[in-house]
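The values are calculated or read from the model by the stated rules, or taken from the named source; none is laboratory data. No experiment lies behind these values; they were computed from the predicted model shown. Don't worry about glycine lacking a Cβ; one is built from the backbone with ideal geometry, like all the others, and counts go over all protein chains shown. Please note that ligands, DNA and RNA were not included when accessible areas were found on the heavy atoms of the full protein model with its side chains. Shrake-Rupley method; radii C 1.70, N 1.55, O 1.52, S 1.80 Å.
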Amino acid sequence: MSVVSAMSYDPEAPLVDPFGRGISYLRVSVTDRCDFRCVYCMSENMTFLPKQDLLTLEELDRLCSAFVRRGVRKLRITGGEPLVRRDIMTLFRSLSRHLESGALEELTLTTNGSQLVRHAADLAACGVKRINVSLDTLDPARFRELTRWGDLDKVIAGIDAAQAAGLAVKINAVALKGVNEDEVERLIEWSHGRGMDITFIEVMPLGDIEPDRFDQYWPLSQLRARLLDRYTLEESDYRTGGPARYVRVRETGGRIGFITPLTHNFCESCNRVRVTCTGTLYMCLGQEDAADLRAPLRASESDEKLDRAIEGAIARKPKGHDFVIDRTTSRPAVGRHMSVTGG
Ligand code: SAM
Ligand code: SF4
């Protein structure tokens, strides 16, 4: 008898990794497809997974629910672009029962905003309160260049619809050297003027793409230093359960978040794991180790096999990632694109 099967099984036991970090945050990628091709995220010609490899919406619900039962309090739906997955609202509707029961604190979404006009009101009706919208530029031509396929007007209309539906919107912008460097202050003032926080993200070395990473990488320490020329940044202990560190801008009253996987290692407080749309569990965004949850999910109607696979994986959660971008290391740290694990 294996050690795992000999161990007693407690379907309610909280998930804690070997470093004592409780797993309370699950990010679920519901599709690897997207209606954009952002230059730092995807190559122009992506090969997407065959649809039959994807977990069904029912399987995604079962998987998320297993994590909620084991103590996950925050669930973020992402992708690819989550809102291009057919019937995705069915998943939100079914997951909202965990909000109603109080088992789940927050159900949320990261989106490129292109489909928000259609879905904002339904998301709000499902109990979604806050969403992240990725937007790296307010210049329509630059937006098209960066996303290759995107239409800025549609995204802005989506943000309008989200705010009209009562959703709190946070803007996520990837800081890209020589691309949106000159727009940082405009992005901040535009976001804060609309009552939205904005978080800057350092570009991470995930997946092969055409541009050179080193050319794109702009350390947020430099961005932050520049902001001091114009703004008074007040340290803030505001946290959203994610890796961003926030400051408040005295002049605008709004918040700026910084996600700095490269200049500041945030692994010590990592409370999250990620599942791909095929049911592969990644214990760390920056490491290759993963566990297949689709097979145990499909192996039986009971969740015991699934729970055991989750427990076994969490027991291997690594201490941290080892991202580096420098002139000698422009290869990806891991081969998969951000659109696979969902950022
Ligand atoms: N399509 C949705 C969107 O764009 O918000 C959700 C998925 S996207 C992969 C999630 C986030 O990852 C976005 O904010 C995107 O800008 C960011 N992202 C993608 N590739 C990245 C990379 N290589 N480094 C840093 N952030 C990246
Ligand atoms: Fe699509 Fe989001 Fe990746 Fe852009 S960042 S290509 S919107 S998944």
Calculate how steeply helix 57-69 sits against the longest principal axis of the alpha-carbon atoms of the chain, using the helix alpha-carbon long axis, and give the answer as 0 to 90 degrees to the nearest 10.
-> 80
Using the Karplus equation 6.51 cos²θ - 1.76 cosθ + 1.60 (θ = phi - 60°), what ³J(HN,Hα) coupling, rounded to whole Hz, does each residue of the range 294-302 give in order, writing x for Gly and Pro?
-> 5, 4, x, 5, 7, 6, 7, 7, 7
Which of Lys170/Lys317; Lys170/Lys319; Lys74/Lys170; Lys74/Lys129 have a Cα-Cα distance over 20 Å?
-> Lys170/Lys317; Lys170/Lys319
Grab the beta carbon distance between Glu100 and Phe19, set R0 = 22 Å, and tell me the FRET efficiency rounded to 0.05.
-> 0.10
Table column - 3J(HN,Hα) (Hz), the range 217-232, Karplus curve with 6.51, -1.76, 1.60, x for Gly and Pro | 6, 10, x, 5, 4, 6, 4, 5, 4, 5, 4, 5, 5, 10, 10, 9
Would you list Lys305, Lys129 from the most to the least accessible area, probe 1.4 Å?
-> Lys129, Lys305
Evaluate the relative contact order of the range 2-151 (contact order divided by residue number), counting alpha-carbon pairs under 8 angstrom at least 6 apart; express in whole percent.
-> 27
Percent relative contact order of the chain, based on C-alpha pairs within less than 8 angstrom and at least six residues apart?
-> 22
Karplus ³J(HN,Hα) for the range 311-318 (6.51 cos²θ - 1.76 cosθ + 1.60, θ = phi - 60°; Hz, whole; x = Gly/Pro) runs 4, x, 5, 5, 5, 10, 4, x
Report the extension gain between Arg186 and Glu288 in nm, rounded to one decimal, defined as 0.36 nm multiplied by the number of residues separating them, less their alpha carbon distance.
-> 33.0 nm
